[in-house]
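Quick notes on the structure that follows.
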Amino acid sequence: NPVRLQAITDVEAYVPPAPSFSPGETPGDIFGMNVFSKTVMQKRLPKSVYRSVVATIENSETLDPQVADSVASAMKDWAIEKGATHYAHVFYPLTGFTAEKHDGFFDPVGDGTALAEFAGKTLVQGEPDASSFPNGGLRNTFEARGYTGWDVTSPAYILENPNGNTLCIPTVFISMTGEALDHKTPLLRAQQAMAVHAERVLTLFGHTPSAVVSYCGPEQEYFLIDRHFFVARPDLLSSGRTLFGAKPPKGQEFDDHYFGAIPERVLGFMADTERELFKLGIPAKTRHNEVAPGQFEIAPMFEAANVGADHQQLLMTTFKTVARKHGMECLFHEKPFEGVNGSGKHVNFSLGNATEGNLLLPGDTPHDNAQFLVFCAAVIRAVHLYGGLLRASVASASNDHRLGANEAPPAIISIFLGDQLAGVFEQLAKGPATSSKGRGTLQIGVDTLPVLPTDPGDRNRTSPFAFTGNRFEFRAPGSLQSVAGPMTTINAIMAEALDHIATKLETALEIGTEFNEAVQALLTELITDHGSVVFNGNGYSDEWQVEAAERGLPNLRTTLDALPELITDASVQLFERYGIFTESEAHSRYEIGLEHYTQSIMVEALSTLEIGQTSVLPAGVRYQTELATNVTALTAAGVAADLDLLEEVTSVIGDLRSGIGALRTAIEVTHPADDALAEAAHAQSALLPAMATVRAAADALESIVADDLWPLPTYQEMLYIL
Ligand code: ADP
Ligand code: MG
């Protein structure tokens, strides 16, 4: 096949682009150069305006209209100096991708010239047509207008393009009636709710708290393959993962890729992405090879969750663009290749503020430790009560290929604390410290904690929610998804737990209980009620499945098991109570989750059908003909012909044809238009197995058909030729 074999030749002839950093240029020189940061504002805004903006940012308030005019004008001048011709409100609709609508700065003024215009109200609010974005039944198309509004806490930035730069303004996206149509709005709401109750708890510990922030450090895994192979794989083009492909002779069994020397070509790509990220003020920090061949990871430094979420989206776009410049395609799908590890996006979560620092960092004094234990106990309560919701926050058709597959955490959401911290909570569970036998020995306000290890070697990598010394690492999010969803959920459930804790302590103090005693009693109660979510063992084991069931922890294996968690009474009450979703918003997310699930699988099914029918089957038939011709020729020449191979090929072709037929039938089944659940269930129970049958026959064919007839780049070529 010319396309596939030509691709191999072309890859070998690849010449890398020039190095990205110019000689002598350091990351420090360019960091944040394209960001309208506080420093830039301080230089360009009148003092009073600057102070007002900073106060707005710190208190997450809305901007005063007069201040907005002044900021807009400074922002416009700055952007035009930086070569911007357009501005765009950037938002994050429920497609999971980033959306932007560009407008030119220049307006004609009547005398034949044009003047740059950018008013405060244009900065603060936009009105894109929202009819083409998923809304899960929230809006009728006749009132399709949506609003974008600047999220002042996430700075504006310049996106460079050789054809003119764009000033980008991170915004929320809401309907005319104020319903959230995006990933950012609920995250901002959840962060605020969490902060309110965290501040109540801090006040009880005797602090005058400054605003509490939730932090997010996302670790992004991804694959790189040469673009020549990518464009020759219609399955990767349409669905981001390979729907066909026999196992290569060499997989990841040697563990020779993880943390290995980074290939030179990939290093060039990484340096280039980092340079772009630095310009945007994205603190790229760690880079390394991952477990699977062709798999890598980047981890930026943690940031405030909403800024981190915006930066994460920008990072993915940047990676896609830069990869192409380097002749490669960056794959963010959770499972692009069967048989080797998939990709996740670990989300590291902590909370803190300017005065107290990280609230999940064990302290030096008994008082600090009591506070640390209370915030830890909040996490334990939150994850125990709403594990199902956390599972739902990472549910997608693509992440189903990864969760529970012995490379990613199981679908059971539990917490790993490590032996020392788990030991502390076990002491607390025994009740107040006394000298009498059988009671705990840890006395809050008096005793210090044992030293908790922060050594990564000690970590349990099979746990979905692991304490790692000063933060919790949520390992279930998929590599493709926005971190906003999981971060919204974590903040929402933390808001509930901290509210519960603050109320308990306030009540205890009101009736005259001594503070440390109240804290001790509270911790005992929390760990007694919610300790069953703590699990330090092997999450991949079969025993854990059984034990988790005995503990009453949900095991929501697939997206369809998990999504209904979004609309349970308990979830809707939580969302409404903390102002994160109204009931109809929660339902819309559920509907969109189902639709997205069905659509992704339907695209894969159609792609399987097309590739099976028009590429794989013809390759099989050609080879079959070649063999049949050979048999005829041999027989005519009086040589005994061996029919085994021809019969084998014929039999596999038969399997393929019947598989294709069954898949076609399954695709044609229709459901009532309003029954999203039935459609999703059909995708799961009929389309996925039918696709697997087609694939099994095709992969069998791949291993017997003559190599020069095979149309699709093989796993070996895609994973090893870079
Ligand atoms: P590992 O692979 O060992 O988990 P990495 O270095 O790959 O560690 O990633 C750790 C991530 O956790 C980084 O994004 C880092 O910034 C983030 N992180 C570190 N400290 C905190 C914290 N206090 N809160 C949130 N995230 C944090
Ligand atoms: Mg990690």
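Considering only Gly579, His288, Pro23, the residue lying farthest towards the positive end of the dipole of the chain is Pro23, judged by Cα position with unit charges set on Cβ. Here's the picture: charge each Lys and Arg Cβ at +1 and each Asp and Glu Cβ at -1 in the chain, and of Ala13, Tyr50, Gln613 the one pushed furthest to the positive end of that dipole is Tyr50. Computed about the Cα centre, the dipole magnitude for the stretch 31-182 is approximately 420 debye when only Lys and Arg (+1) and Asp and Glu (-1) carry charge, each at its Cβ. For the chain, the dipole from Cβ point charges (+1 on Lys and Arg, -1 on Asp and Glu) about the Cα centre works out to 980 debye, to the nearest 20. Residue ranges 608-617, 163-172 sort as 163-172, 608-617 when ordered by packing (mean number of other C-beta atoms within 10 Å per residue, highest first). When peptides 323-332, 310-319, 13-22 are ranked by their average number of other Cβ atoms within 10 Å per residue, the highest-first order is 310-319, 323-332, 13-22.
Potential lengthening of the chain between Met301 and Phe97 amounts to 71.2 nm, from the contour at 0.36 nm per residue minus the alpha-carbon distance. Compared with the alpha-carbon gap, the fully stretched path from Met33 to Glu583 is longer by 193.8 nm at 0.36 nm per residue.
If r is the Cβ-Cβ distance from Ile80 to Ala637 and R0 is 60 Å, what FRET efficiency results, to the nearest 0.05?
Computed FRET efficiency for Ile80 and Ala637 comes out at 0.15.
Gyration tensor analysis over the Cα atoms of the chain returns equivalent ellipsoid semi-axes of 47, 35, 25 Å (largest first, whole Å). Stokes-Einstein diffusion of the stretch 607-708 at 37 °C, 0.692 mPa s viscosity, Kirkwood radius from Cα pairs, rounded to a whole number: 215 µm²/s. Determine, from the Cβ-Cβ distance of Glu576 and Arg51 and an R0 of 35 Å, the FRET efficiency 1/(1 + (r/R0)^6), rounded to the nearest 0.05. Efficiency, rounded to the nearest 0.05: 0.45. Modelled this way, with points 7 Å down the Cα-to-C-beta line, the labels at Ala405 and Ala628 are 3.8 nm from one another. Projected label points at Glu610 and Asp569, each 7 Å from Cα along the beta carbon direction, are separated by 4.7 nanometres.
Per-residue ellipticity at 222 nm from helix content only, as computed over the chain with -39500 (n - 2.57) for each DSSP H run of at least four residues, stands at -14500 deg cm²/dmol. Taking a Cβ cut-off of under 11 Å around Thr714, the surrounding Lys, Arg, Asp and Glu residues balance to a net charge of -1, with basic ones at +1 and acidic ones at -1. Helix 484-510 and the long axis of the chain differ in direction by around 30°, with both axes built from C-alpha atoms. Just name one of Met494, Leu331, Leu505: the one whose Cα is farthest towards the positive end of the charge dipole of the chain (beta-carbon charges, Lys/Arg +1, Asp/Glu -1). Towards the positive end, the residue furthest out is Leu505. Subtracting the Cα-Cα distance of Thr113 and Asp708 from 0.36 nm times their residue separation leaves 208.0 nm of extension gain.
At R0 = 56 Å, how high is the FRET efficiency between Ala211 and Asp675 if r is their beta carbon distance? Nearest 0.05 is fine.
Efficiency, rounded to the nearest 0.05: 0.80.
When Tyr215, Tyr597 are ordered from fewest to most other Cβ atoms inside 10 Å of their Cβ, what list results?
Lowest count first: Tyr215, Tyr597.
What spacing in nm lies between the two simple spin-label points modelled at Lys250 and Thr177, each 7 Å away from Cα in the Cβ direction? A separation of 6.0 nm, rounded to one decimal place.
Any read-out appearing in this document is the output of simple, stated calculations on the displayed coordinates, not a laboratory observation. Note that the structure is predicted; figures quoted are calculated from it, not measured. Neighbour counts are summed over all protein chains in view; Cβ atoms, including those assigned to glycine, are modelled from backbone coordinates with ideal geometry.
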